[in-house]
Amino acid sequence: MTFATLGLSEPLLKAVAELGYKKPTPIQIKAIPAVLSGKDLIAAAQTGTGKTASFVLPLLEKLNDEKTLRGKRIRGLILTPTRELAIQVEASIAQYAKYLELSSMAMYGGTEIEPQKQRLIWGIDILVATPGRLLDMAHQRALHFDELEVLVLDEADRMLDMGFIDDINKIIERLPQERQNLLFSATISDDVRGLAKRAIHKNAREISIRFDSASEPKIDQWLVTTDKTNKSALLSHLITELRWQQALIFIETKHGAAKLVSQLEKRGIKAESIHSGRTQEIRERILNDFKAGKINYLVSTGIAARGIDIGDLSRVVNYDLPAKVEDYIHRIGRTGRAGESGEAISLVSKDNFRELCAIESRLGHIIPRKDFVEFPVKKTVPISILNFKPKHRS
Ligand code: AMP
């Protein structure tokens, strides 16, 4: 299977080849022809599977028809949960559209509205936006949806988790009835189904790329059990002893993130942190520095968990296990992207046992444990019971 056989034309094939993509990923094989056929789509797939290209490539193909764009109008709208993801999706569009005359823009809150308004004046082919800022723009009549052809809801589950449902509903009400709808979500929960019912036509195609299928990126997962009080010392030990060159480290609270950075620094490890307490500008700068390899260890709260594609990130660390299994899946999806191998390490203390059971049950297997003699554990973490079934009495 090649990109050409999926129905993409020369300018896109050339851009994709230049990016080094040799063949389409499973989600691309399923989604690209479906989107080109004009059908609505509900796709269960997470980041790391090549899902962005699976909707951006056919969207570009469809919009590449020399239609004149009117002022303040858009033809494709991609809604994303976070600014970071909006920026990243737009960057992908710019790469894929290198040999096309189509315009794109990322629009998100937390930055001045006026420059974004100015850019909309002549119209934009594809707008990637977070829901709140998009509604602001519509209210201010800086943007009209009457020429919209395709709506993409990217990471729909995350948008619902983040409480965007009202904004999304208000946006959908404003869109023309006749449009193509694509919904991508790592998990298809009841809430996502509810959203799909409102946003997507009834005859939508459904495709699913299962997390544990053979097509998934290779992620080597392992964990270290530890006492809670020893976590930062253990992390420093892992970084130095195992000579980790790079790690994206997830932690629950912003206070914890700042503290961990200073604890690492005391042990001679220079790290940075991103969380909601830092300005958008600083977050973007740090993320870029991390991507460029200027920062080796990045401590992050949930905001960076979804959607962020950091080139060839080799390792993620769950300093804290997330409360939701979905978040674990999304986090480890930051590594091992598009066939590359990656590593996901969790530091687990006894009070994380419930979360661990939920994660391992979902994975369907126990995550291998590694011991470090320098860090004996006082409060041992029991082995999870997967699919526990009570014995029948004979
Ligand atoms: P995504 O799932 O959209 O976040 O994409 C994950 C990563 O895979 C990105 O770095 C893409 O550039 C890359 N990618 C997407 N499609 C392909 C492909 N067909 N071959 C190789 N890499 C790809």
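Placing unit charges on the Cβ atoms only, positive for Lys and Arg and negative for Asp and Glu, gives the range 213-363 a dipole magnitude near 360 debye about its Cα centre. Kirkwood Rh, the range 4-208, all Cα pairs: how many Å? This gives a value of 16.9 Å. Think of the chain as a dipole: +1 on every Lys or Arg Cβ, -1 on every Asp or Glu Cβ, centred on the Cα centre; then among Phe290, Thr301, Gly76, Thr301 lies furthest on the positive end. Around the Cα centre of the chain, unit charges on the Cβ atoms of Lys, Arg, Asp and Glu (plus for the first two, minus for the last two) sum to a dipole of about 820 debye. Projecting the Cα atoms of Val150, Ile121, Ser189 onto the charge dipole of the range 4-208, computed from C-beta unit charges around the Cα centre, puts Val150 farthest toward the positive end. Test of understanding: extend the Cα→C-beta vector of Lys14 to 7 Å, then name every residue of the range 79-100 with backbone N under 11 Å from that spot. Answer for the range 79-100: 98-100. Only DSSP H runs of four or more residues enter the estimate; each adds -39500 (n - 2.57), and after division by the residues of the chain the mean residue ellipticity at 222 nm equals -11000 deg cm²/dmol.
Kirkwood-type hydrodynamic radius, the chain: 22.2 Å, calculated from all non-identical alpha-carbon pairs. Each of the peptides 130-139, 358-367 was scored by the mean count of other Cβ atoms within 10 Å over its residues; in descending order, highest first, they stand as 130-139, 358-367. Measuring nothing but alpha carbons in the range 239-385 and taking Rh as the Kirkwood radius, the Rg to Rh ratio lands at 0.95. Solvent-accessible surface of the range 4-208, taken per residue with a 1.4 Å probe and all protein chains present: 42 Å².
The values are calculated or read from the model by the stated rules, or taken from the named source; none is laboratory data. Owing to the predicted nature of the structure, the values given are computational and were not obtained by experimental measurement. We place every Cβ from the backbone using ideal geometry, glycine too, and count neighbours over all the protein chains shown. Heads up: the accessible areas ignore ligands, DNA and RNA and are worked out on the full protein's heavy atoms, side chains in. Shrake-Rupley method; radii C 1.70, N 1.55, O 1.52, S 1.80 Å.
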